[in-house]
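Written out below as structure tokens is the structure these notes cover.
The values are calculated or read from the model by the stated rules, or taken from the named source; none is laboratory data. Owing to the predicted nature of the structure, the values given are computational and were not obtained by experimental measurement. As a convention, Cβ positions derive from the backbone with ideal geometry for all residues, glycine included, and neighbour counts pool all protein chains shown. SASA here: full protein model, heavy atoms, side chains in, ligands and nucleic acids out. Shrake-Rupley method; radii C 1.70, N 1.55, O 1.52, S 1.80 Å.
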Amino acid sequence: MNVISTNALMKSFGVLGMVEELLWVWHRMKENGIEPSLFMYNLLMDGFVNSMFVESAEKVFDAMESGKVLPDVVSYNILIKGCCKVGKTRKGLEKLKEMEVKRVFPDKITYMTLIQSCYSEENLDSCLRLFNDMEEKELEIPSHAYSLVISGLCKAGKSVEGFCVFEGKGVKPNVAIYTALMDSYAKSGNGDGIMKLFQRMKDEGFEPDEVTYGVIVNSLCKTGKLDNAVEYFNFCKESSVQINAMFYSSLIDGLGKAGRVDEAEKLFDEMVDKGCTRDSYCYNALIDSFAKCGKMDEALMLFKRMEEEGCDQNVYTYTILISGLFKEHRNEEALKFWEMMIDKGITPTPASFRALSTGLCLSGKVARACKILDELAPMGVLPEAAYEDMIHVLCKAGRIEQACKLADGIVDRGHEIPGRVRTVFINALRKSAKYLKVGCRDSIIDVHPNCYEGIAVSNGLRS
DNA sequence: ATAGGGTTAG
């Protein structure tokens, strides 16, 4: 055994994640009196990190720091990669700071590892900070860094800022960057911006791929331009663009919302012939289409089929069914789906609770909704605007008395009534002055002095 | 030796 064979073995085992074998070589090496080099330390650390033994990698790192062979930038990069891999990005960022102190200079890999991790955690601020750091240090900025920063801005709804970075010098555009910008434009309602960028990327010789077309079709569906969306879809089918489930879910959703349920269903059936697996997005879109046009039994059948096909039923599936069932006054069934969802360990979202509470409030079961809301709190789910929504729903339905009772209950629980809700009350009171006579008047006046003014206005309107 | 993009939901 010599240094060269040790290096070769460690490299192979490290890449393959064969930690035991890696350690075997390490021990044989020590037995043979070979002092581990920086190279070998790094190989060992990388082997550990690749096998998710990040703590072991850290121990190696610490051993280096207290030994003869000091960690270099690669050691740091591997350790930072390990931190990011196990979700400890903050720790990775701290290691970057530590590098400054230890006078080990971070390189583009250090930054890319961290930017990547911050990006996947949707930590835009850190992404931008790291990116600026890179610029300041005059490191070579890989195209990928621009992708991440622009996409990060786009995801955060800052399409204008994203476009500014894109237009800045040093950016090498690619299909992914164009697509991210187009999607962001779509989400901010800039339909013209999308098509302009689409044209521009083609003019520059970039070939739009299935993700780009997916974004276009989705955007057209969302803005109700369904025939246009179908045209692009057909174009993709005829050319070499790979059709995926996203095309189908976007179109099914759009067609369903436009009341073209038959066409939506046809596309859903077509997926099998095309060898395209139906995911939860597709199922949910079609279930929603059925629910929206009162075909609840068809929707429920799809729910069953989802289970049979092994497609995950998620919080969206349940929310669609719960609100659909309430709309048909099938209250007990709706409640059953809520319970089923909780039993399955699916965490409710504010929107799912909104569906439930709206249904319960409108069928006069405000107390029941409050009870369920109380049960959610220990689960760590407390839809912030839940009570607000309920008051809103009740006011809109003209049930101001109940809304007031609810407002009192909220104050009893130690919550405050935000100004927005007062406005809701005032508007409701204006609309139906007769409610001024009932008990709610006290509750509003007692709890929310600002409403005096509202009632005065309301009185004024009446006289 | 170490880092690598973009899309879908009530």
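Condition first: part of a helix (DSSP H, G or I), within 14 Å of DNA strand B (Cβ to nearest atom) and free of Cβ contacts under 8 Å to residues at least 12 places away in the same chain. Can you find one or more residues in the range A:64-73 that meet it? Taking every residue of the range A:64-73 in turn, none turns out to be part of a helix (DSSP H, G or I), within 14 Å of DNA strand B (Cβ to nearest atom) and free of Cβ contacts under 8 Å to residues at least 12 places away in the same chain. Yes or no: residue A:409 on the phi > 0 side of the Ramachandran plot and either assigned to a helix (DSSP H, G or I) or modelled with pLDDT under 80 (or both)? So residue A:409 fails the test.
For the range A:116-177, please list each of the helices (runs of 4 or more DSSP H) lying entirely inside it that holds at least 2 residues being near DNA strand B (Cβ under 9 Å from one of its atoms) and at negative phi.
Values: elements: A:124-136, A:143-155, A:159-167.
Where helices (runs of 4 or more DSSP H) fall fully within the range A:116-177 and carry at least 2 residues being near DNA strand B (Cβ under 9 Å from one of its atoms) and at negative phi, they are A:143-155.
Pick from the range A:264-282 the residues that are closer than 15 Å to residue A:214 by Cα and open to solvent by less than 40 Å² (accessible area, probe 1.4 Å): which of them is nearest to DNA strand B (Cβ to nearest atom)? Per the stated criteria, the residue is A:282.
Of the residues making up the range A:248-263, those that are more than 9 Å from DNA strand B (Cβ to nearest atom), more than 12 Å from residue A:284 (Cβ to Cβ) and assigned to a helix (DSSP H, G or I) are A:251, A:254, A:255, A:261, A:262, A:263. Within the range A:187-219, the set of residues being open to solvent by less than 60 Å² (accessible area, probe 1.4 Å), of a type in the set (Gly, Ala, Ser) and more than 8 Å from DNA strand B (Cβ to nearest atom) comprises A:191, A:193, A:219. Residues of the range A:330-373 that are open to solvent by 40 Å² or more (accessible area, probe 1.4 Å) and closer than 20 Å to residue A:301 by Cβ: A:330, A:332, A:333, A:336, A:340, A:344.
Selection of the range A:307-355 for residues being within 11 Å of DNA strand B (Cβ to nearest atom), in contact with a Ser or Thr (Cβ under 9 Å, 6 or more places away or on another chain) and part of a loop (DSSP other than H, G, I, E, B) yields A:311, A:312, A:313, A:314, A:346, A:348, A:349.
Can you spot a residue in the range A:222-233 that is over 25 Å from the mean Cα position of the chain (by Cα), of a type in the set (A, V, I, L, M) and modelled with pLDDT under 90? The answer is no; no qualifying residue exists.
Kindly evaluate residue A:274 against the criterion of being within 30 Å of residue A:325 (Cα to Cα) and of a type in the set (Lys, Arg).
Spelling it out, it is not the case that residue A:274 is within 30 Å of residue A:325 (Cα to Cα) and of a type in the set (Lys, Arg).
Which count do you get for residues in the range A:292-302 that are farther than 14 Å from residue A:268 by Cβ, modelled with pLDDT of 95 or more and within 15 Å of DNA strand B (Cβ to nearest atom)?
Of all residues in the range A:292-302, those farther than 14 Å from residue A:268 by Cβ come to A:292-294, A:296-297, A:300.
Retained after the next criterion (residues that are modelled with pLDDT of 95 or more): A:296-297, A:300.
So of that shortlist, the ones also within 15 Å of DNA strand B (Cβ to nearest atom) come out as A:296.
Within the range A:292-302, residues that are farther than 14 Å from residue A:268 by Cβ, modelled with pLDDT of 95 or more and within 15 Å of DNA strand B (Cβ to nearest atom) number 1.
Only one of the listed residues (A:211, A:241) is under 27 Å from the mean Cα position of the chain (by Cα) and not in a helix (DSSP H, G or I). That residue is A:241. Applying a threshold of 7 Å to beta carbon distances and a minimum spacing of six or more residues, or different chains, the list of pairs starting in the range A:1-23 at a residue that is open to solvent by less than 70 Å² (accessible area, probe 1.4 Å) and ending at one that is at pLDDT below 70 reads A:22/A:14.
If you filter the range A:42-66 down to residues that are small (Gly, Ala, Ser), touching a helix residue (DSSP H, G or I) at 6+ places or on another chain (Cβ under 9 Å) and closer than 23 Å to residue A:100 by Cα, you find that the one that is surrounded by the fewest Cβ atoms within 10 Å (Cβ to Cβ) is A:63.
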